[in-house]
1. Starting from residues that are modelled with pLDDT of 75 or more and not small (Gly, Ala, Ser), keep the ones in the stretch 51-68 and report whichever is most open to solvent (accessible area, probe 1.4 Å).
2. Yes or no: Arg16 part of a loop (DSSP other than H, G, I, E, B) and farther than 24 Å from Leu121 by Cα?
3. If a residue has to be among the charged types (D, E, K, R) and either at pLDDT 90 or above or part of a helix (DSSP H, G or I) (or both) to count, how many in the stretch 120-166 make the cut?
4. Are any residues in the stretch 1-39 exposed (fewer than 15 other Cβ atoms within 10 Å of the Cβ) and of a type in the set (S, T, N, Q), and if so, which ones?
5. Suppose the filter is at pLDDT 75 or above, farther than 20 Å from Val165 by Cα, hydrophobic (A, V, I, L, M, F, W, C) and open to solvent by 60 Å² or more (accessible area, probe 1.4 Å); does Val42 pass it?
Amino acid sequence: VVVLVVGGSLALTGWRFPDYFVPSVERVVGVTLIGLGVIALVRALRVHGHVHEHDGVPHWHLHSHRRSAQHDHGHTAALGIGMLHGLAGTGAVVIALPLAATRSASVALAYLVAFGAGTTLAMAAFGAVAGWMVHRSAHRSVALVRATASVAAVASVVVGAWWMVAAR
C-alpha cells in the first residue's frame, strides 16, 4: 500500500526523495526489527498449547498470553510495520525504478500496482505455508514451535542489526 501511495505521489508530482531519506528509514527498520525480535523471543518462550472454547466449540491451539490470561489477539501493528518496510531497502528501489524508466505517470502507476499485487500474493502464500507448517507441528511438539519461533526472533535481531550497519 505504502509503495503505491508514495510511488504514485512521486510519479504524479515528479518529486524525489532527498539522498539522506532512505538510509534514515533503513535505520528505523533495523531498530524495529531488533525490537520485534526481542518481543517475539519473549512471546516464543511463553508459548503453550491447551484446549478452550470459542462460541461453545472446544478446540486446541497455541497461546502466548502476552498481556493477560485472556485469549485476545491484536494484529494492528503489522500494517504499520509493513508500511515502514515498504519505504526502506528494496521498497525505495521499487519506487525509483518505474520513475527512472518512464516519464509516463500511468505506466509508473501500473508497474507499482502490479508489483504491489505480486508482492502481496507472494507474502500471503509464504505466510499461509509457514502458518500451516507451524500449526501442523504444534500438535506434535509445542517445544518445536517454541524453538522455531525463538530462531525466527533471533534472526530478526540479527537482520535488524545488519540492516542498521548496512544503511548508508
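The values are calculated or read from the model by the stated rules, or taken from the named source; none is laboratory data. Just so we're clear, the structure is a prediction, and the values are computed from it rather than from any experiment. Please note: Cβ atoms are built from the backbone with ideal geometry, for glycine as well, and neighbour counts cover all protein chains shown. Heads up: the accessible areas ignore ligands, DNA and RNA and are worked out on the full protein's heavy atoms, side chains in. Shrake-Rupley method; radii C 1.70, N 1.55, O 1.52, S 1.80 Å.
1. Narrowing the stretch 51-68 to residues modelled with pLDDT of 75 or more: 51-59.
Next, from what is left, pick out any that are not small (Gly, Ala, Ser): 51-55, 57-59.
Details: Val51: 97, His52: 25, Glu53: 120, His54: 77, Asp55: 158, Val57: 86, Pro58: 83, His59: 62 Å².
Among those that are modelled with pLDDT of 75 or more and not small (Gly, Ala, Ser), it is Asp55.
2. Working: part of a loop (DSSP other than H, G, I, E, B): yes; farther than 24 Å from Leu121 by Cα: yes.
When the stated conditions are applied, Arg16 passes them.
3. So the first thing to find is which residues in the stretch 120-166 are among the charged types (D, E, K, R), and the list is 136, 140, 146.
Narrowing the set further to residues that are either at pLDDT 90 or above or part of a helix (DSSP H, G or I) (or both) leaves 136, 146.
Residues flagged as among the charged types (D, E, K, R) and either at pLDDT 90 or above or part of a helix (DSSP H, G or I) (or both) within the stretch 120-166 amount to 2.
4. Ser9, Thr13, Ser24 - these are the residues of the stretch 1-39 that are exposed (fewer than 15 other Cβ atoms within 10 Å of the Cβ) and of a type in the set (S, T, N, Q).
5. Working: at pLDDT 75 or above: yes; farther than 20 Å from Val165 by Cα: yes; hydrophobic (A, V, I, L, M, F, W, C): yes; open to solvent by 60 Å² or more (accessible area, probe 1.4 Å): yes.
So Val42 fits the description; yes.
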